[in-house]
Amino acid sequence: MNLSTIYLSVTRKFYRILFSIFALGIILGLIPFEAAAHGVDEKTRNFLLNNTGVQFIAFMYIGAKHMITGYDHLLFLVGVIFFLYKSSDILLYVSMFALGHSSTLLLGVLLDLQVNAYLVDAIIGFSVVYKGFDNLGGFKRILGYSPNPKRAVFIFGLFHGLGLATKLQEFQLPQDGLFINLVAFNLGVELGQISVLIFILIAISFWRQHYSFKLFSTTTNTLLMSSGLMLIGFQLTGYFTN
């Protein structure tokens, strides 16, 4: 082994450690944001508690803000699109996720489906672990094949939407204008999702052109799994202590 090879090996290990520390710092910084993964700030809480009638723009804004600050949704989507290179594939997977969470968001509130928010959010955390594990090729090594990724994205999308529904249900929204407000909220969620995805896609596209993408892809998806496990632990702690 010559000196250049040794230098390159040491440099890669150094950057891998540096990247891991940086990424883990970002994840740990996100976790305390608001009281829970689906928490709302005080201003939004007051509005939802005192809302009456149709408030289309307000609910659309709240939906968009919630998606932009909803790190559990974003972590899952990062895992979904991480190895997608074609625009058509990205559109298909994002549409499957949107169809899933839109369905349970609307039906969950309109039909007043009563489910435990902590357990639903724990499943959402599991979706992040699942996607990171899938990206690492874990299922292929253990099972010999990967479960249908489109079906998985749709099914987890159902739980993500149900998680949104459980939080809206806490505010006992009035029936007057409820359907329109929910449509506006869901539209805002989609707009927020698209806005964030654009920046994520730009960042990943630039990163793919650098040699470090393959070098750090394993580290990134391992950290994705770690963040999902932290979310699961956080939500299960809330479940057993409340």
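The values are calculated or read from the model by the stated rules, or taken from the named source; none is laboratory data. Nothing here was measured: the structure is a model prediction, and the numbers come from that model. No Cβ is skipped: glycine too gets one built from the backbone with ideal geometry, and neighbour counts run over all protein chains shown.
Summed over the stretch 187-214, the residues that are more than 20 Å from the chain's Cα centre (by Cα) and among the β-branched types (V, I, T) give a count of 0.
Of the residues making up the stretch 155-186, those that are surrounded by fewer than 21 Cβ atoms within 10 Å (Cβ to Cβ) and over 17 Å from the mean Cα position of the chain (by Cα) number 13. For the residues A35, A64, the requirement of being under 23 Å from L173 (Cα atoms) and at pLDDT 85 or above singles out A64.
Mind telling me which of the residues V80, V54, V128 ends up being out of contact with any Leu (no Cβ under 8 Å at 6 or more places or on another chain), of a type in the set (A, V, I, L, M) and crowded, with 23+ Cβ neighbours inside 10 Å? Residue meeting the stated conditions: V80. Here P147 meets the list (1) in contact with an Asp or Glu (Cβ under 8 Å, 6 or more places away or on another chain); (2) surrounded by 17 or more Cβ atoms within 10 Å (Cβ to Cβ); (3) not small (G, A, S) almost entirely, failing just condition (2). Where residues in the stretch 94-106 are surrounded by fewer than 19 Cβ atoms within 10 Å (Cβ to Cβ) and in contact (Cβ under 8 Å) with a residue 24 or more places away in the chain, which of them is farthest from G163 (Cα to Cα)? Residue satisfying both the conditions and the ranking: L99.
When the residues of the stretch 197-213 are filtered to those that are of a type in the set (S, T, Y) and in a helix (DSSP H, G or I), the one that is surrounded by the fewest Cβ atoms within 10 Å (Cβ to Cβ) is S205.
The single condition among (1) touching a Leu at 6+ places or on another chain (Cβ under 7 Å); (2) under 30 Å from Y85 (Cα atoms) that F133 does not satisfy is (1).
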